[in-house]
1. With respect to ASP120, determine if the residue is in contact with a Phe, Trp or Tyr (Cβ under 8 Å, 6 or more places away or on another chain) and within 21 Å of GLN150 (Cα to Cα).
2. Would you mind stating whether GLU5 is within 19 Å of VAL72 (Cα to Cα) and surrounded by fewer than 13 Cβ atoms within 10 Å (Cβ to Cβ)?
3. Of all residues in the range 41-72, how many are at positive phi and touching a His at 6+ places or on another chain (Cβ under 6 Å)?
4. So, in the range 1-36, exactly how many residues are out of contact with any helix residue (DSSP H, G or I) (no Cβ under 6 Å at 6 or more places or on another chain) and assigned to a loop (DSSP other than H, G, I, E, B)?
5. Please work out which residue is surrounded by the fewest Cβ atoms within 10 Å (Cβ to Cβ), limiting yourself to the range 44-59 and to residues that are touching a Lys or Arg at 6+ places or on another chain (Cβ under 9 Å) and not in a helix (DSSP H, G or I).
6. Within the range 131-156, which residues are touching a His at 6+ places or on another chain (Cβ under 8 Å) and not in a helix (DSSP H, G or I)?
7. Name the one entry in THR97, THR114 that is hydroxyl-bearing (Ser, Thr, Tyr) and either surrounded by fewer than 16 Cβ atoms within 10 Å (Cβ to Cβ) or out of contact with any helix residue (DSSP H, G or I) (no Cβ under 9 Å at 6 or more places or on another chain) (or both).
8. Select from the range 91-118 the residues that are in contact (Cβ under 8 Å) with a residue 12 or more places away in the chain and part of a helix (DSSP H, G or I) and write down the one among them that is farthest from PRO30 (Cα to Cα).
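Coordinate-derived values only; no laboratory data. None of the values given here were measured: they were computed from a predicted structure. Counting neighbours? That spans all protein chains shown, and the Cβs are built from the backbone with ideal geometry, glycine included.
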Amino acid sequence: MPIAENFPEGLKPTGKISLSDGNYHIMWGPGKTANTDGSKPEALTDQDVVAAYKARGEEQVPLGVSGTMVAVDWDSCIADGACIEACPVQVFQWYRTEKDIPAKDVVGQTFDGTGSDVKDERKDSTDKADPIREHDCIWCMACVSVCPPQAIKVDQANVEAHQRAAETL
């Protein structure tokens with residue numbers, strides 16, 4: 001289900017995911033257990049995602065939205081990699097290919113940006129496409145157009161929301 005048109009309204013910054021070069025992006029929450037139409041978010045119903053969490057012995061919990069100008073709803077992301085493949089400037093990386101930790105633990109982490117930006121190199125379906133280099137986005141919208149669950153929203157106007165949120169963290 002698409003990220004709300006008025007994103008990030010109604011959500012709060014839950015923390016930063018940092019890049020070792022000093023850039024960072026914000027995680028927004030709370031995560032969701034139901035879409036606005038009452039259905040479950042795609043990642044909670046996708047058989048591959050559910051099986052991957054079970055195989056790892058990890059509980060699937062609401063995660064929220066990673067990024068502000070390039071926002072990925074991690075509760076909807078099914079880790080198919082279409083966005084990673086489509087992005088001409090490598091905004092995204094599979095976060096687990098750099099730090100193999102549960103998604104619920106990425107807030108407060110610093111990444112070097114050395115995770116894979118190749119579609120087929122994810123660890124498994126628990127991995128998430130993280131807009132680690134959100135600041136490099138060229139606003140081409142390629143990722144938005146290819147995302148099967150429409151879990152990505154790109155909005156350059158959200159830079160002000162990013163700055164306001166950063167002041168609270």
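1. Criteria not met by ASP120.
2. Working: within 19 Å of VAL72 (Cα to Cα): yes; surrounded by fewer than 13 Cβ atoms within 10 Å (Cβ to Cβ): yes.
Spelling it out, GLU5 is indeed within 19 Å of VAL72 (Cα to Cα) and surrounded by fewer than 13 Cβ atoms within 10 Å (Cβ to Cβ).
3. We begin by selecting, within the range 41-72, every residue at positive phi; these are 57, 64, 67.
Subset that is touching a His at 6+ places or on another chain (Cβ under 6 Å): 67.
Final tally of qualifying residues: 1.
4. 20
5. In this case the residue turns out to be GLU59.
6. PRO131, ILE132 - these are the residues of the range 131-156 that are touching a His at 6+ places or on another chain (Cβ under 8 Å) and not in a helix (DSSP H, G or I).
7. Working: THR97 fails: either surrounded by fewer than 16 Cβ atoms within 10 Å (Cβ to Cβ) or out of contact with any helix residue (DSSP H, G or I) (no Cβ under 9 Å at 6 or more places or on another chain) (or both).
None of the others qualify; the one that does is THR114.
8. In the first step, residues of the range 91-118 are kept if they are in contact (Cβ under 8 Å) with a residue 12 or more places away in the chain; the result is 91-100, 102-104, 106-118.
Now drop any that are not part of a helix (DSSP H, G or I), which leaves 95-97, 103-104.
Values: TYR95: 20, ARG96: 21, THR97: 25, ALA103: 14, LYS104: 12 Å.
For the range 91-118, the residue satisfying everything is THR97.
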